[in-house]
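Have a look at the structure below, then the notes.
The values are calculated or read from the model by the stated rules, or taken from the named source; none is laboratory data. Note that the structure is a prediction, hence the values are computed from the model and not measured. Neighbour counts run over all protein chains shown; Cβ positions are idealised from the backbone, glycine included. Surface accessibility is based on the protein's heavy atoms, side chains included, excluding ligands, DNA and RNA. Shrake-Rupley method; radii C 1.70, N 1.55, O 1.52, S 1.80 Å.
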Amino acid sequence: MQRPLSVPHEFRHAQSFDGTRLRYLVAGEGPLFVLCPGLGTPMVSYRKIIERFGSAFRFLCWDPRGFLGSSVPAAGARALRVEDHVGDLMRLLEVERMEPLVVGGWSMGVQLSLAYVHANPGDCQALALINGAAGSVLSGADLGVPIGERAAVGLVKAMSSAGPALGLAARALLDRQPTIGILRMLGIAGGDGAHDDFFREVAREFKHHDFELYLQMLLRLHEHSAEPLLPEIELPALVTCGTHDRMTPPKLARKLASDLPRGELVEIKGGTHYTMLEYPEELNRHLEGFLRRVLPEPMKRVA
């Protein structure tokens, strides 16, 4: 993170089940709230949530294997499956000797959260599922033109082979203000510009990815679906989406919320896949209302 969090925090390292070195963050005080990573998502993406609720919860998040401060697994892209990320979480919980009270995450973090709590119900009492889908993400994305699942997978594979060129372009352009304007024109990003500094802070870390590996992880993510598990996950679950999200469109969030026995849907008007960066106060307001209802005791510490 380019600037320190405003709550007590520490970056740590641990070795995962297969020897992959993980960099992770613990921040705040209280019962554990796990924030699973999105697709190559920098931990700074969760800054606004951690700083708002750090007086009530101890947060744990990590750099996904292969990206940023975590090492590339020895098996390469073959070890970027949802099951591998869930294995990383289980290892971090073992190291920290804690069980989570809340599990959640953005984008890919939704699938990781669902897979984890289904396999490890434990003491988890709530889910916070931010702008994601239950699975098979490429079949549900709105790419702006009619395209089938097979074609979408083929397109990602072709883009993966151009990973080095994508990386050069990203490092040159991704965190520039004009780039954000272009993303808004294309409908990929939204918001009113009030939080563009936050958007650029996230992009500044994201742009250093190995984009070939990133797109291979997207393919592994597409291969996974938590949909068959949903009726068995009987936890209170806040499901959020942006009304203009093209990567995980609102229809996927609506289905996710309806398939979860205790799912609650919130649609944030004008938000895209990056609602957490575009409208952080609104997202936190909905998250706070949910947490005060389902976990009133720790939330007493939030002003």
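Label-point separation (nm) for residue 81 and residue 153, each offset 7 Å from Cα along Cα-to-Cβ?
That separation, rounded to one decimal, is 1.5 nm.
No solvent, one uniform scatterer per C-alpha: report log10 I(q)/I(0) for segment 48-169 via the Debye equation at q = 0.13, 0.17, 0.23 1/Å, two decimals.
Here log10 of I(q) over I(0) equals -0.68, -1.06, -1.48.
For the pair residue 300/residue 258, report the inter-label distance in nm, with labels modelled 7 Å from Cα in the Cβ direction.
4.0 nm
Quote to one decimal, in nm, the extra length available between residue 234 and residue 192 on full extension: 0.36 nm per residue of separation minus the C-alpha distance between them.
Length difference between fully extended and current span is 11.5 nm.
Antiparallel DSSP bridges in the chain: what percent, to the nearest 5?
35 percent
Just to be sure I follow the rule: in the chain, considering lysines 8 or more places apart or on different chains, how many pairs have Cα atoms under 26 Å apart?
Lysine pairs, 8 or more places apart or on different chains, close enough: 7.
Explain nothing, just the number: relative contact order of segment 247-303, from Cα pairs under 8 Å at least 6 residues apart, as a whole percent.
20 percent
Restrict the search to segment 171-221; then list the trypsin sites (Lys or Arg not before Pro) that DSSP places in a loop and that have at most 13 other Cβ atoms within 10 Å of their Cβ.
In loop regions of segment 171-221 (DSSP not H, G, I, E or B), the sparsely surrounded trypsin sites (Lys or Arg not before Pro) are 176.
Which parts of segment 1-42 would a label at residue 281 reach, counting a residue when its backbone N lies under 19 Å from a point 7 Å out along Cα-to-Cβ?
Only 6 pass the distance filter.
Compute for segment 164-255: radius of gyration divided by Kirkwood radius, i.e. Rg/Rh, restricted to C-alpha atoms, rounded to two decimals.
Result for segment 164-255 is an Rg/Rh of 1.04.
Taking a probe of 1.4 angstrom, what is the accessible area of residue 9 in Å², to the nearest 10?
Surface accessible to solvent at residue 9 totals approximately 70 Å².
Please calculate how many Å² of accessible area segment 1-80 carries per residue, with a 1.4 Å probe and no DNA, RNA or ligand atoms counted.
With all protein chains present, segment 1-80 gives 34 Å² per residue.
In the full protein assembly as shown, how much of residue 26 is accessible to a 1.4 Å probe, in Å² to the nearest 10?
Answer for residue 26: close to 10 Å² accessible.
Once you keep just the Cα pairs under 8 angstrom separated by 6 or more residues, what percentage relative contact order results for the chain?
Relative CO of the chain lands at 20 percent.
Would you kindly find the accessible area of residue 107, with a 1.4 Å probe and non-protein molecules such as ligands, DNA and RNA excluded, rounding to the nearest 10 Å²?
Around 20 Å² of this residue is reachable by solvent.
Got a sec? What order do 48, 157, 269, 300 fall in by accessible area at 1.4 Å, biggest, i.e. largest, first?
269, 300, 157, 48
Putting +1 on Lys and Arg Cβ atoms and -1 on Asp and Glu Cβ atoms, find which of 178, 164, 213 reaches farthest to the positive end of the dipole of segment 151-223.
The residue sitting most towards the positive pole is 164.
Find, among the trypsin sites (Lys or Arg not before Pro) in segment 72-114, those assigned to loop by DSSP (not H, G, I, E, B) with at most 12 other beta-carbon atoms within 10 angstrom.
97
Where the only charges are on Cβ atoms (+1 Lys, Arg; -1 Asp, Glu), what is the dipole of the chain about its Cα centre, to the nearest 20 debye?
440 debye
Using a 1.4 Å probe on the protein heavy atoms, what percent of the accessible area of segment 176-255 belongs to carbon and sulfur?
56 percent
When ligands, DNA and RNA are left out and all protein chains stay put, how many square angstrom of accessible area per residue does segment 173-244 have with a 1.4 Å probe?
With all protein chains present, segment 173-244 gives 46 Å² per residue.
Please list, by residue number, every one of the GluC sites (Glu not before Pro) in segment 1-106 that is coil in DSSP and has at most 11 other beta-carbon atoms within 10 Å.
Hits after loop and neighbour filter: nothing returned.
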